[in-house]
Amino acid sequence: SAVERFNEAVDKFDGDVLEAARVEFLGAKSGKLKSAQKGLGKVGKDDKPAAGKRFNEVKQRIEELFESAVAKLSQSSGGGPASEAFDVSLPGALLPVGHVHPITQTIEELKDIMGRLGFAAVEGPEIEDDWHNFEALNIPMEHPARDPLDNFYLHAGAKAAGGDMLLRSQTSTVQIRVMEETQPPIRIVSLGRVYRPDEIDATHYAMFHQIEGLMIDTDVTMADLKSVLHLFAKTYLGQDVEIRFRPSFFPFTEPSVEVDMRWNDTWLEFGGAGMVDPNVLRAVGYDPEVVTGFAFGLGVERLCMRRHGVNDIRHLYNNNVRFLSQF
Ligand code: PHE
């Protein structure tokens, strides 16, 4: 019957079945109602009013059934015609989603590389005190590195018991924090933001990231420093990368070097390194006669930019989706 056929269409959630049922019963040319209507002509005169009335009732009933079947199918398909009933097996419409920022991707990768060399990743605070940013790093009171023009000091109300507070200007602060809490041997890296009031241009930004490495043990030498950095550079940039040390000075390392890497025929400076100064080892209660160590601090943006051929650090922080979506 018509009831069964319409119900079947609704159950199957199938617009085609519904359409076939419509043609079968309501079809204008050869539908069952149409032939019933033709039959009306043959009914005897006396029975005609009753038969006509019955026919109209049945027709109305079938039309109602059809309408309600259409309504049921289209309700669940967002109001479209029954023949476009919702197919649950179709893939959904994808919403635009973001992804991990290139610097965060770089940080994860660098952590992973250093992790394989046995260096555990640790974190330190971005708001630091004088002791961890300067004093314990052998940067005395009158040292130019403390210049207010080179640092983001917090206002006087933020002074801690230990002196001035500032946004850390280097991740070397984390070396101190780790050594204060741990006994050697130590092998850590710390990746995070540092802040300097630099003039912003293609290679400078007032905030950037550093990867700091620290290894303390008995008999750690410059040779260990160079091989760790070389392995690190080769893994991140490629087997053909060369590494070069240039003599330099940092208050917290002795001797100190600038670390250059050569890749695609250009030498580029990536940061500083050296053997941890005995004064620093003493500041955290280590005996420099017993343990030695190396430390390095490299610019994460530089590494990321070198690897991906980005020529302006500002691209990384403009939040231009067309730029960021390439990574
Ligand atoms: N902290 C130094 C800088 O910010 C880099 C450095 C780290 C140098 C560790 C030596 C040892 O430039």
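The values are calculated or read from the model by the stated rules, or taken from the named source; none is laboratory data. Please read all numbers here as calculations on a predicted model, not as lab measurements. With ideal geometry, Cβ positions are generated from the backbone for all residues, glycine too; neighbour counts draw on all protein chains shown.
Yes/no per residue for (1) among the aliphatic types (A, V, I, L, M); (2) more than 30 Å from Leu324 (Cβ to Cβ); (3) not in a strand (DSSP E or B):
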residue: Val88; (1), (2), (3): yes, yes, yes
residue: His99; (1), (2), (3): no, no, yes
residue: Ile107; (1), (2), (3): yes, no, yes
residue: Trp131; (1), (2), (3): no, yes, yes
residue: Ile139; (1), (2), (3): yes, yes, yes
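Does any residue in the stretch 262-285 that is modelled with pLDDT under 95 come within less than 9 Å, Cβ to Cβ, of a residue that is in a strand (DSSP E or B) and more than 16 Å from the ligand (Cβ to nearest atom) six or more places away or on a different chain, and which pairs are these?
Pairs found: Arg262/Glu242; Trp263/Glu242; Trp267/Glu242; Leu268/Arg262.
Take the conditions over 25 Å from Arg282 (Cβ atoms) and crowded, with 18+ Cβ neighbours inside 10 Å and apply them to Ile188. Does it pass?
So Ile188 fails the test.
Here are the criteria: (1) surrounded by 15 or more Cβ atoms within 10 Å (Cβ to Cβ); (2) of a type in the set (D, E, K, R); (3) part of a strand (DSSP E or B). Tell me which single one Glu301 does not satisfy.
Just one mismatch for Glu301, condition (3).
Could you list, in sequence order, all residues of the stretch 98-113 that are without any contact (Cβ under 8 Å) to a residue 60 or more places away in the chain and over 8 Å from the mean Cα position of the chain (by Cα)?
Glu108, Asp112
If you go through the stretch 308-327, how many residues are among the aliphatic types (A, V, I, L, M) and exposed (fewer than 15 other Cβ atoms within 10 Å of the Cβ)?
1
Filtering the stretch 245-279 down to residues that are buried (at least 17 other Cβ atoms within 10 Å of the Cβ) and part of a loop (DSSP other than H, G, I, E, B), which residue is nearest to the ligand (Cβ to nearest atom)?
Residue satisfying both the conditions and the ranking: Phe252.
Would you be able to tell me the number of residues in the stretch 240-280 that are under 20 Å from Trp131 (Cα atoms), in contact with a helix residue (DSSP H, G or I) (Cβ under 8 Å, 6 or more places away or on another chain) and among the aromatic types (Phe, Trp, Tyr)?
1
Considering only the stretch 185-205, state which residues are without any contact (Cβ under 8 Å) to a residue 24 or more places away in the chain and within 15 Å of the ligand (Cβ to nearest atom).
Residue satisfying the conditions is Asp198 alone.
Is it fair to say Ser169 is within 16 Å of the ligand (Cβ to nearest atom), assigned to a loop (DSSP other than H, G, I, E, B), among the small types (Gly, Ala, Ser) and surrounded by 13 or more Cβ atoms within 10 Å (Cβ to Cβ)? Let's see the steps before the verdict.
Numbers: within 16 Å of the ligand (Cβ to nearest atom): yes; assigned to a loop (DSSP other than H, G, I, E, B): yes; among the small types (Gly, Ala, Ser): yes; surrounded by 13 or more Cβ atoms within 10 Å (Cβ to Cβ): yes.
For Ser169, the condition - within 16 Å of the ligand (Cβ to nearest atom), assigned to a loop (DSSP other than H, G, I, E, B), among the small types (Gly, Ala, Ser) and surrounded by 13 or more Cβ atoms within 10 Å (Cβ to Cβ) - is met.
Could you tell me whether Lys59 is at pLDDT below 85, among the basic types (Lys, Arg) and outside any loop (DSSP other than H, G, I, E, B)? Step through it out loud before you land on a result.
Details: at pLDDT below 85: no; among the basic types (Lys, Arg): yes; outside any loop (DSSP other than H, G, I, E, B): yes.
Considered against the rule, which asks whether it is at pLDDT below 85, among the basic types (Lys, Arg) and outside any loop (DSSP other than H, G, I, E, B), Lys59 comes out as no.
Could you figure out which of (1) closer than 15 Å to Ser172 by Cα; (2) within 11 Å of the ligand (Cβ to nearest atom) isn't true of Val284?
It is condition (2) that Val284 fails.
Here are some residues: Leu225, Leu154, Leu214. Which one is surrounded by 14 or more Cβ atoms within 10 Å (Cβ to Cβ), within 16 Å of the ligand (Cβ to nearest atom) and within 30 Å of Tyr317 (Cα to Cα)?
Going through Leu225, Leu154, Leu214 in turn, the sole match is Leu214.
Looking only at residues that are touching a residue at least 24 places away in the same chain (Cβ under 8 Å) and crowded, with 16+ Cβ neighbours inside 10 Å in the stretch 228-237, which one is nearest to the chain's Cα centre (by Cα)?
For the stretch 228-237, the residue satisfying everything is Tyr236.
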